[in-house]
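Scroll down for the structure; my scribbles are underneath it.
Read-outs throughout are calculated quantities, based only on the coordinates presented, and are distinct from any laboratory measurement. Being a predicted model, the structure only gives us computed values, none of them experimental. Backbone-built Cβ (ideal geometry, glycine too); neighbour counts: all protein chains shown.
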Amino acid sequence: MTRLLRHLFAAGLVAAGLATLPGAASAQAVTPAHNVVLVHGAYADGSSWSEVIPLLQQAGLNVTAVQNPLSSFADDVAATRRILALQDGPTVLVAHSYGGMVISEAGVDPKVTALVYVAARAPDAGEDYTALAATFPRPPASDGLVKVGGFAALNENAFVHDFAGDLDPAKARALYAVQGRIADTLFAAKTTQAAWRTKPSWYQVSTQDRTISPELERFMAKRMNATTIELNSSHVSLLSHPREIADLILAAAGQPRT
């Protein structure tokens, strides 16, 4: 423990409340940013950031949540690029879950100074993410995917227990009622860019994740050499651990923690 603490102090992360995993990047060069753009994942919408947004606003940041149509990967990237075009300077681009694919593609925008992945997909350019994920333990939520009429959603049991397992069940069921239906071809898409190869990146691993394998999350975080934290959380850490997620974003923006 003493050696780990020395490493964290040397990286300048203990003071920021961000414990770096062994093998992850130490403190990265940070460009101060006033803008934050939040990208939601599948089975959700922009309101999934509702617990994080007030904390970032209280810190004085300009925050915008993208509303992904989830009708195609190209549509979601276009929606994010439209929001990025509205920003007036350096911007931290943040994603949850499937949204990690979107920011990996759109994050090459010159306004983007840092990327934050929250239990998110982080494919390499042209990589078959489904094939990559198949080399790791299969997450239980996958068994709850129901496809109807060209779109897909999680059934109630998978959503409440596997997607949002550490939320109050009543809140989880309310989120289930408004979940975003995804085009059933969405997950087959491939990125043409991997913005994390050229932009400083941060990653949050959810150790109790039953939607994306935590082992896969750790692999992606290590591959991108991200500054990384782990939370004892379900897939929806942005709702169950909003302060820790806000502090991770503030670190990427070069701003004091909340």
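So here's what we get for this one:
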quantity	calculated
Calculated over the stretch 120-194: convex hull of Cα atoms, volume per residue (Å³)	105 Å³
Long-range amide H partners of Met224 with built H, under 5 Å	none
Helix axis angle, 214-223 relative to the chain longest principal axis, alpha carbon, degrees	50 degrees
Among (1) 23, 21, 20; (2) 31, 18, 17; (3) 26, 20, 18, the entry that matches semi-axes √(5λ) of the Cα gyration tensor in Å as calculated here	(3)
Amide proton proximity set for Ala44, modelled H, under 5 Å, gap of 5+	Gly180
Over 24 Å [Cα-Cα, the stretch 145-258], rounded percent	37 percent
Backbone N under 12 Å from the Phe151 label point (7 Å along Cα→Cβ), restricted to the stretch 90-113	none
Cα long-axis angle, helix 73-85 against the chain (0 to 90 degrees, to the nearest 10)	40 degrees
Positive-end residue of Met220, His235, Ala251, charge dipole of the stretch 123-258 with Cβ unit charges	Ala251
The stretch 128-189, dipole about Cα centre (Lys/Arg Cβ +1, Asp/Glu Cβ -1), debye to the nearest 20	140 debye
Considering only the chain, percent of DSSP beta bridges that pair antiparallel, nearest 5	20 percent
Rounded to 5, the percent of DSSP beta bridges in the stretch 71-185 classed as antiparallel	50 percent
Residue order, fewest to most beta carbons within 10 Å, for Arg210, Arg138	Arg138, Arg210
Among 83-92, 146-155, 229-238, the order from most to least packed when residues are scored by Cβ within 10 Å on average	229-238, 83-92, 146-155
Residue exposure sequence - Asp168, Asp247, Asp209 - by fewest surrounding Cβ within 10 Å	Asp168, Asp247, Asp209
Kirkwood Rh in Å, taken over the stretch 49-172 so that all alpha-carbon pairs contribute	16.4 Å
Approximate spin-label separation Asp75-Asp143, in nm, with each point projected 7 Å along Cα-to-Cβ	3.1 nm
Choice from Ala65, Ala170, Ala189 with maximal GNM fluctuation in the chain (Cα, 10 Å cutoff)	Ala170
The stretch 201-258: C-alpha gyration tensor shape, a/c 1.5 cut-off, then a/b vs b/c	oblate
